[in-house]
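The values are calculated or read from the model by the stated rules, or taken from the named source; none is laboratory data. This is a predicted model, so every value here is computed, not measured. Here Cβ is always computed from backbone atoms with ideal geometry, including for glycine, and neighbour counts include all displayed protein chains. Remember, those area values only see protein heavy atoms, side chains included, never the ligands or the DNA or RNA. Shrake-Rupley method; radii C 1.70, N 1.55, O 1.52, S 1.80 Å.
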Amino acid sequence: MPTSRTEFAYNSKVEGEVVVSQADAVINWVRSHSVWPMPMGLACCAIELMAAGGARFDISRFGMEVMRFSPRQSDCMIVAGTVTYKMAEVVRRIYEQMAAPKWVVAMGACASTGGMYRSYAVLQGVDRIVPVDIYISGCPPRPEALLDGMMLLQDKIRKEQSAYGLLTPRPREPSLVTGRP
Amino acid sequence: MDTIVDTLKSKFPFVTPRPSHDQPAVNVPADHLREVAQVLRDDLGYDMLLDLCGVDWDQARPRFGVIYHFYHSGKKTYLRVATLAPDSAAPAVPSLADLWPAGDWHEREAYDMFGIHFEGHPNLTRILMWEGYPYHPLRKEFPLAGIETELPAADTAAATGAKVIAAPMMGGPFQAGTQEHHHMSDAEPRAGDQSWTESKPKPGQKG
Ligand code: SF4
């Protein structure tokens, strides 16, 4: 028998512990706290990157300690070091192999601009071959600077429109291997 | 005093002593190099080829040479051997890679950087720059900043439009801090002349 008073508001007995939010906020919150970095360690800056992963600086406080050496499993390439023209191809290929959404951090002077290597052999900034989200200055940047850069990246991820078009079917992108959708 | 130099001189009339501040040194003509090298290794006990490097003598003719450093692990003595490639346009010297395997990669490096051909080398390909790079970067006429050319990977170049460019020197070349900089924080690599940048042209120079 229906009661006279029907409750239309949130009923925790019926619906459990539900939090209403926006899809963007939820997705970005998850993404920004589980960045899996791809350590593209190419020179001395990689040593500071390793230090950031160690106990003293402890990058795992930001949910970023899962360094993956497989591009398939990572979503943030930290280019730490000098990129030579010979290596540029490899950096680009690994970037292409990472699944979207993906971000790139240029750690240090070399990755950002070629640094002190104004030379015939060194790519003058990794942004010439991959889209860079965050540049970190320093030669090398201290681990704190890397952490600061990664927090900036988190801020950036939190502002992205992640849910846009999420529910509309999209045509599949052609496979990099076969060229077929 | 330089007994090895005297020994070589008495064995080979074409060997001449070479002025040197440190270790014994001799000049050997390129066409006799292998003959001398064989004796150095088998009879005189120089069992290690520590290093070899190309040299570009710029205006001098012959222009290119190779300098070898040998080591006698029994007597713990060094020997420097210098040779010149007779042809300055297409420099070539015999390879020593079969006598000392250490020569293999070093000769590839000298070939890569100077374009010196090592005759008889088993695999004379570039070792630092990529195959197909059109220049030999340590030659005197090659600018430090480099010369514009294509990226080694055609697909990366097509996807990004990137090229090998002449690096903007921006007041460089860049060096670690000099003697005025006593603190590590001051010693970060910097341009020798930072009075000009990409947006502020070099004094006395247009653009
Ligand atoms: S920025 Fe400095 S520390 Fe980092 S890779 Fe370049 S030279 Fe090394």
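Quick notes
- Test item: A:88-96 mean partner chain Cβ contacts at 10 Å: 4
- Within 10 Å of each Cβ in A:122-130, the average number of Cβ atoms from other chains: 4
- For trypsin sites (Lys or Arg not before Pro), the sites in region B:78-159 that DSSP calls loop and that have at most 16 other Cβ atoms within 10 Å are B:Arg126, B:Arg139, B:Lys140.
- Counted charge near B:Pro94, where neighbours are those whose Cβ lies closer than 11 Å (Asp, Glu -1; Lys, Arg +1): -4
- Beta bridges from DSSP with both residues in region A:16-129: antiparallel share about 10 percent, rounded to the nearest 5.
- Cα gyration tensor, region A:37-79 - rounded (a/c under 1.5), prolate or oblate: oblate
- Whole-Å distance, taken between Cα centres, linking region A:51-118 and region B:141-161: 22 Å
- In chain A, the longest principal axis of the Cα atoms and the axis of helix A:85-97 are about 10 degrees apart.
- Helix A:143-158 axis, angle to chain A major axis (alpha carbon atoms, nearest 10°): 40 degrees
- Whole-Hz Karplus values for region A:55-69 come out as 5, 5, 9, 6, 5, 6, 4, 9, x, 10, 7, 7, 6, 10, 8 Hz, taken residue by residue from phi with 6.51 cos²θ - 1.76 cosθ + 1.60 and θ = phi - 60°; glycine and proline positions read x.
- Shown is the FRET efficiency for A:Asp155 and A:Arg93, computed with R0 = 25 Å from the Cβ-Cβ distance and rounded to the nearest 0.05: 0.30.
- For region B:20-145, the antiparallel share of DSSP beta bridges with both residues in that region comes to about 75%.
- Checking the cross-link pairs B:Lys11/B:Lys75; B:Lys163/B:Lys200; B:Lys75/B:Lys140; A:Lys156/B:Lys200; A:Lys156/B:Lys163 against a 28 Å limit on the alpha carbon distance flags B:Lys75/B:Lys140; A:Lys156/B:Lys200; A:Lys156/B:Lys163 as lying beyond it.
- Take chain A and mark each of the chymotrypsin sites (Phe, Trp or Tyr not before Pro) that is in a DSSP loop with at most 15 other Cβ atoms within 10 Å; the longest unmarked stretch, sites excluded, is A:70-163.
- Counting only trypsin sites (Lys or Arg not before Pro) that DSSP places in a loop and that have at most 14 other Cβ atoms within 10 Å, the longest clean stretch of chain A runs over A:57-158.
- For region A:71-181: rounded, prolate or oblate by the Cα gyration tensor [a/c cutoff 1.5]: oblate
- Over chain A, DSSP H runs of length four or greater, each weighted -39,500 (n - 2.57), average out per residue to a 222 nm ellipticity of -9500 deg cm²/dmol.
- Shape category assigned to region B:113-175 from the gyration tensor of Cα positions, a/c cut at 1.5: oblate
- Bridgeable lysines around A:Lys159 (alpha carbons under 27 Å apart, same-chain partners fewer than 8 residues away excluded): A:Lys102.
- Area hidden from solvent between B and A (accessible, protein heavy atoms only, 1.4 Å, total, Å²): 1900 Å²
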